[in-house]
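> Below is a structure I'd like to ask you about.
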Amino acid sequence: MINLDTFESPGLIVYPDRVKRNIAKVIEMVDGNPARLRPHIKTHKTKEGNDLLLAAGITKFKCATIAEAELLALSEAPDVLISMQLIGPNLERFKELVAHYPKTKFSSIIDDAFAASELNRIIADLSTGVYVDLNMGMNRTGITPDKALGLIQHIQTLPNVTLRGLHAYDGHIRDKVYEDRAKHVEADFTSFYELLGQIDTSDLELVVSGTPSFLVHHKNSQFTCSPGTFIFFDAGYAALFPENTFEFGVEIIARIISKPTDSTICLDLGHKSVAAENPIDNRVRFIDHPSWVLKSQSEEHGIVEVGDNSAYTIGEIIRMIPYHICPTVNLHSHLQVIDGGLWEVKARNRRLCY
């Protein structure tokens, strides 16, 4: 057992060797060809994570914010896709980013003709690429494939914007049984294939897949896949993957700070240290005590039902796997490295420079 006594709680502990194995595994799943991957960095938001991906041969990335894009540029990532339609002041920030980091090729997603024209106007004497964002059934962003041809043709008339690909994110596809998931992908992507039949795709990158649908899409060699959670993994996605596909690269630690009743303990684990967007039973999994139940949380405290608590002591360290790692990482300024040091979660900030 690793001695965690000197680690701060509540905190996140990162295991770099596990992270490296997860990266190697995802590359193996695309037949050893890292060019078929465009991982999303929203999970880790660290320069160290970027650098491990780059060292493994991955050159294309996806992110959600200008800050994440800049963090990738600081690692000299060759190719960065911002998976948000840029509007308002973010257009000027994006222009500054493109001008300041010429070693990185930046693109963004588009699902609207006006937004495409505004990007073309703001980028002016520079140039950039766009990916048409397709609504594959998640109904969060995107234009449905049956309406996308007109937008594609409009983009092709813009002098400062180049159509580089299609972006078909399907994060809603998370059927628990793999066979059901595969059928769901097949049904929802019928219109996508119909669109491909109407356009010249020879120079276009087809970016697809959320993490659960990656198990389906990675088998299609024409696709670039963009999972993100795999780098750290979490309890939520573990339930959707075959056992031992990926390892838990990050754990939460907390300490027992009180024993308010004979059957409960209080941990220094509140809303501020683990993502609270899910119901209380889907926030953490206790590694060494699978029968424990998180009963309630406030800002700094977590009450856990443990049965008889007489065997547990004040100050004892409790290890957990978060149910949803991405927003959990965003709550922490640093990850504590198991063999020493810190990874700064730089891109949790909305602004680095630009």
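> Among the residues of region 132-145, count how many are closer than 22 Å to Leu91 by Cα and either open to solvent by less than 10 Å² (accessible area, probe 1.4 Å) or part of a loop (DSSP other than H, G, I, E, B) (or both).
The first filter runs over region 132-145 and keeps only residues closer than 22 Å to Leu91 by Cα, leaving 132-134, 140-143.
Imposing the further condition that a residue be either open to solvent by less than 10 Å² (accessible area, probe 1.4 Å) or part of a loop (DSSP other than H, G, I, E, B) (or both) reduces the set to 132-134, 140-142.
Of the residues in region 132-145, 6 are closer than 22 Å to Leu91 by Cα and either open to solvent by less than 10 Å² (accessible area, probe 1.4 Å) or part of a loop (DSSP other than H, G, I, E, B) (or both).
> Now a separate question. With the checklist (1) touching a Cys at 6+ places or on another chain (Cβ under 6 Å); (2) buried (at least 19 other Cβ atoms within 10 Å of the Cβ); (3) not hydrophobic (A, V, I, L, M, F, W, C) in hand, flag the one item Ser258 doesn't pass.
That leaves (2) as the condition not met.
> Could you list, in sequence order, all residues of region 15-51 that are open to solvent by 40 Å² or more (accessible area, probe 1.4 Å) and either assigned to a helix (DSSP H, G or I) or touching a Cys at 6+ places or on another chain (Cβ under 7 Å) (or both)?
Hits for region 15-51 are Asp17, Arg18, Lys20, Arg21, Ala24, Lys25, Glu28, Ala35, Lys42, Lys47, Glu48, Asp51.
> Looking only at residues in region 99-148 that are under 26 Å from the mean Cα position of the chain (by Cα) and among the hydroxyl-bearing types (Ser, Thr, Tyr), which one is farthest from Phe189 (Cα to Cα)?
The extreme case among them is Tyr101.
> Does Phe214 count as open to solvent by less than 10 Å² (accessible area, probe 1.4 Å), among the aromatic types (Phe, Trp, Tyr), over 18 Å from the mean Cα position of the chain (by Cα) and more than 20 Å from Ala116 (Cα to Cα)? Break it down stepwise before answering.
Details: open to solvent by less than 10 Å² (accessible area, probe 1.4 Å): yes; among the aromatic types (Phe, Trp, Tyr): yes; over 18 Å from the mean Cα position of the chain (by Cα): no; more than 20 Å from Ala116 (Cα to Cα): yes.
No, not satisfied.
Residue-by-condition table, conditions (1) under 20 Å from Asn330 (Cα atoms); (2) touching a residue at least 60 places away in the same chain (Cβ under 8 Å); (3) more than 30 Å from the chain's Cα centre (by Cα):
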| residue | (1), (2), (3) |
| --- | --- |
| Gly236 | yes, yes, no |
| Phe241 | no, no, no |
| Phe248 | yes, yes, no |
| Pro260 | no, no, yes |
| Ser273 | yes, yes, no |
| Glu277 | yes, no, no |
| Gly302 | yes, no, no |
| Asp308 | no, no, yes |
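> Phe61 - would you say it is open to solvent by less than 40 Å² (accessible area, probe 1.4 Å), of a type in the set (Phe, Trp, Tyr) and within 19 Å of Gly165 (Cα to Cα)?
Values: open to solvent by less than 40 Å² (accessible area, probe 1.4 Å): yes; of a type in the set (Phe, Trp, Tyr): yes; within 19 Å of Gly165 (Cα to Cα): yes.
Against the criterion (open to solvent by less than 40 Å² (accessible area, probe 1.4 Å), of a type in the set (Phe, Trp, Tyr) and within 19 Å of Gly165 (Cα to Cα)), Phe61 qualifies.
> Let me ask you something else. Looking only at region 322-354, which residues are buried (at least 19 other Cβ atoms within 10 Å of the Cβ) and in contact with a strand residue (DSSP E or B) (Cβ under 7 Å, 6 or more places away or on another chain)?
Scanning region 322-354 gives Pro322, Tyr323, Ile325, Thr328, Val329, His332, Leu335, Gln336, Trp343, Val345.
> So for region 167-182 (the condition being closer than 19 Å to Lys219 by Cα, hydroxyl-bearing (Ser, Thr, Tyr) and not in a loop (DSSP other than H, G, I, E, B)), does at least one residue qualify?
Looking through region 167-182, at least one residue is closer than 19 Å to Lys219 by Cα, hydroxyl-bearing (Ser, Thr, Tyr) and not in a loop (DSSP other than H, G, I, E, B).
> Listed residues Thr6, Thr59, Thr65, Thr104; which is under 30 Å from Cys266 (Cβ atoms) and of a type in the set (S, T, N, Q)?
Working: Thr59 fails: under 30 Å from Cys266 (Cβ atoms); Thr65 fails: under 30 Å from Cys266 (Cβ atoms); Thr104 fails: under 30 Å from Cys266 (Cβ atoms).
Result: Thr6 is the single residue among Thr6, Thr59, Thr65, Thr104 that is under 30 Å from Cys266 (Cβ atoms) and of a type in the set (S, T, N, Q).
> Answer with yes or no whether Glu96 is over 30 Å from Asp17 (Cα atoms), out of contact with any helix residue (DSSP H, G or I) (no Cβ under 6 Å at 6 or more places or on another chain) and either open to solvent by less than 50 Å² (accessible area, probe 1.4 Å) or not in a helix (DSSP H, G or I) (or both).
Criteria not met by Glu96.
> Any chance region 190-202 includes a residue that's at pLDDT 95 or above, under 21 Å from the mean Cα position of the chain (by Cα), surrounded by fewer than 20 Cβ atoms within 10 Å (Cβ to Cβ) and outside any loop (DSSP other than H, G, I, E, B)?
No: zero hits.
The values are calculated or read from the model by the stated rules, or taken from the named source; none is laboratory data. On a predicted model such as this, the values are computed, not experimentally measured, just so you know. Every residue, glycine among them, receives a Cβ derived from its backbone with ideal geometry; neighbour counts consider all protein chains shown. Just so you know, the surface numbers come from the protein's heavy atoms only, side chains and all, with ligands and any DNA or RNA stripped out. Shrake-Rupley method; radii C 1.70, N 1.55, O 1.52, S 1.80 Å.
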